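The structure appears below as structure tokens.
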Amino acid sequence: MRVRLALSAAAIPLLIAGLAAATPAHAGQFDDLTVNGTGTIAADGIVTLSGTYRCLPDDTPGPVFVGSTLVQGNESTGIGGTHAVCDGKVRAWTNTSRGTDTGSRYERGEVTVRAHLLKLDTKSGLPMPHLLAEEEARGELK
């Protein structure tokens, strides 16, 4: 019994060392997305939303995009899309769209912005969406 306990006690540090060695180099880092609290609406109806994102490089094929949706009252519309660069750096995103092109009528005031960092994984041949990060924030159109 003591031999087994001694072997078990000796194996624990080796197991911990093995787990530490198996931890990926980017451990502690993660894909992230933020939404600025203020968007703009121009006189011609063009809405601009923005924020930051970070995505880590990986070995799966397919593009990554930052998409955003603007919600105000009963209106909800996708506002543009930004091609993302996944290099682990924090980068800015800005999406614009003319709300009136989709029939939406936005005005200055309180809004909710939903943003998604989405990878279209093409390893199967058919692009399959893979959500990397999402954020929802209340804000204001000015």
**OP:** Any chance you could look up the accessible area of ILE46 with a 1.4 Å probe, heavy atoms only, rounded to 10 Å²?
**Re:** 50 Å²
Subject >> Solvent-accessible area per residue for the stretch 25-142 (1.4 angstrom probe, square angstrom) >> reply: 56 Å²
Subject >> Peptides 86-92, 63-69 ordered by average Cβ neighbours within 10 Å, highest first >> reply: 63-69, 86-92
Original post:
By a straight-distance test (C-alpha under 17 Å), which aspartates and glutamates pair with LYS123 as possible cross-link partners, with residues fewer than eight away in the same chain excluded?
Top reply: ASP58, ASP59
Original post:
In Å, what is the Rg of the alpha-carbon atoms in the stretch 55-142, and how long is Dmax?
Top reply: 14.8, 44
**OP:** Could you rank HIS83, HIS116 by how accessible they are, 1.4 Å probe, largest area first?
**Re:** HIS83, HIS116
Original post:
If each of ILE46 and THR112 carries a label point 7 Å out from its Cα toward its Cβ, how far apart are those two points in nm?
Top reply: 2.8 nm
**OP:** Tally up the carbon and sulfur contribution to the accessible surface of the stretch 49-142 as a whole percent, 1.4 Å probe, everything protein left in place.
**Re:** 49 percent
**OP:** Just tell me which aspartates and glutamates come within less than 12 Å, Cα to Cα, of LYS142; anything on the same chain fewer than 8 places away is out.
**Re:** GLU107, GLU110
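The values are calculated or read from the model by the stated rules, or taken from the named source; none is laboratory data. Please read these numbers as outputs of a predicted model, since none were measured by experiment. A quick note on method: Cβ atoms are made from the backbone with ideal geometry, for glycine too, and the neighbour counts reach across all protein chains shown. Please note that ligands, DNA and RNA were not included when accessible areas were found on the heavy atoms of the full protein model with its side chains. Shrake-Rupley method; radii C 1.70, N 1.55, O 1.52, S 1.80 Å.
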